[in-house]
2 protein chains.
Amino acid sequence: MKYGIAIFPSKEVQDIANSYRKRYDPHYSLIPPHVTLKEAFEADDDYIQELIGELRLIASETKPFPLIIKKISSFSPVTNTVYLKVEPVEELMELNEKLHQGKFTKERTYAYVPHITIGQKLSDDEHSDVYGSLRMQSFDIEEQVDRFQLLYQLENGAWTVYETFKFGGVK
Amino acid sequence: MKYGIAIFPSKEVQDIANSYRKRYDPHYSLIPPHVTLKEAFEADDDYIQELIGELRLIASETKPFPLIIKKISSFSPVTNTVYLKVEPVEELMELNEKLHQGKFTKERTYAYVPHITIGQKLSDDEHSDVYGSLRMQSFDIEEQVDRFQLLYQLENGAWTVYETFKFGGVK
């Protein structure tokens, strides 16, 4: 089964992201707006149970940290993906690192750039139009992250949450 | 903000449900296949924190129970909703009852009939066709339920999981 690990921002930030995703992201209906912590990976039942123990430990060692968004950026020319840029605060980068060490799969497609995708699989022309009109926008978003979620993927490509992991000391 | 409480069945059962929902359920893209435990209700930040404490307590008192599906049924003529009928085992009915007592809102639209919706908002003719062809199907599904989820609704109608509550004694 395919699993992934993500942070869901607040409803407010998800609503902002969806206002763009509705038009520009073909994955709009497969998963709510999110910050990917670990890309899709394969795990059988035994392996995922082992990882769940690790996830609980990692969560307990993590302190709540700020999710800061100031602007929209793009992965072009690598891919025509437009995103809300999430500031790479130390705690977030460390958390990502821990999910690619030890018992976890270590493969990465790219170096970690935390983001919330708002448009993808755009043609070059669409990308120019969309990013051209959004790149000047600025945001002043800062909220607390206090949990992450383990999800699995259904046959139709949609994701279901399997479990929530709250950070240490969070009620 | 609007919250709801649901059980997500296994990937296997969700994939079966989605094979019907894709064609017959306009809510297909808003939430994965689920058993609703408590319909959408309003809660502010303080109230939901209070309820989360209750949910933790209720989960700790609940033992894993079987999710049993044998057939497809319909709420017609009340609504043209077709569903996988979930057997009303005692533990499930008790859990539902606890979520409509004490600090929880008590309003119910209908008496509780546990189900996984696979088609809704069908015209009378569509309903006759769909239910007519599905009512003779039988299933032999039995799996363990060991958790439920608290979700909130985004402005576009989609649902995001806020927290998982595992039953007592479940690792």
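The values are calculated or read from the model by the stated rules, or taken from the named source; none is laboratory data. All figures in this text were calculated on a predicted structure; none of them were measured in a lab. Neighbour counts run over all protein chains shown; Cβ positions are idealised from the backbone, glycine included. Quick note on the areas: whole protein, heavy atoms, side chains included, nothing else; ligands and nucleic acids left out. Shrake-Rupley method; radii C 1.70, N 1.55, O 1.52, S 1.80 Å.
Details
- Cα-based radius of gyration for the range B:122-171, normalised by 2.2 N^0.38 Å, reads 1.84.
- Spatially, the range A:86-146 and the range B:128-171 are offset by 30 Å when compared through their Cα centroids.
- Linear extension gain, residue B:70 paired with residue B:107, 0.36 nm per residue minus alpha-carbon span: 10.4 nm
- Here the range B:2-166 is assigned +1 on the Cβ of each Lys and Arg and -1 on the Cβ of each Asp and Glu. Its dipole about the Cα centre then comes out at about 300 debye.
- In terms of overall dimensions, the range B:2-166 has a Cα radius of gyration and Dmax of 15.9, 48 angstrom.
- Scalar couplings 3J(HN,Hα) for the range B:42-56, obtained by applying the Karplus form with A = 6.51, B = -1.76, C = 1.60 to θ = phi - 60°, are 7, 8, 8, 4, 5, 5, 5, 4, 5, 5, 4, x, 5, 4, 4 Hz; x denotes Gly and Pro.
- With the label put 7 angstrom out from Cα along the Cα-to-Cβ vector, residue A:40 ends up 2.9 nm from the copy partners, going from closest to farthest.
- Protein accessible area in chain B, 1.4 Å probe - carbon and sulfur %: 49 percent
- Other residues within the sphere of radius under 10 Å centred on the Cβ of residue A:162, judged by their own Cβ, net out at +1 (K and R +1, D and E -1).
- Each residue of the range A:77-84 was assigned a 3J(HN,Hα) from its phi angle through the Karplus curve 6.51 cos²θ - 1.76 cosθ + 1.60 (θ = phi - 60°); the sequence is x, 5, 9, 7, 10, 10, 8, 6 Hz, with glycine and proline shown as x.
- Phi to ³J(HN,Hα) by Karplus 6.51 cos²θ - 1.76 cosθ + 1.60 over the range A:117-123, Hz, x for Gly, Pro: 5, 10, x, 7, 6, 7, 5
- Amide H contacts under 5 Å for residue A:67: A:143, A:144, A:145, restricted to partners 5 or more places along the chain or on a different chain, H placed in the peptide plane at 1.01 Å from N.
- Accessible area of residue A:124 in the full protein assembly, 1.4 Å probe (Å², nearest 10): 110 Å²
- Shape of the range B:80-143, Cα gyration tensor, a/c cut at 1.5: oblate
- 7 Å along Cα→Cβ, label-point gaps from residue A:91 to other copies, nm, shortest first: 3.6
- Each Lys and Arg Cβ is given +1 and each Asp and Glu Cβ -1; about its Cα centre, the protein assembly as shown then shows a dipole of about 100 debye.
- Inter-copy separations for residue B:61, label at 7 Å along Cα-Cβ, nm, ascending: 3.7
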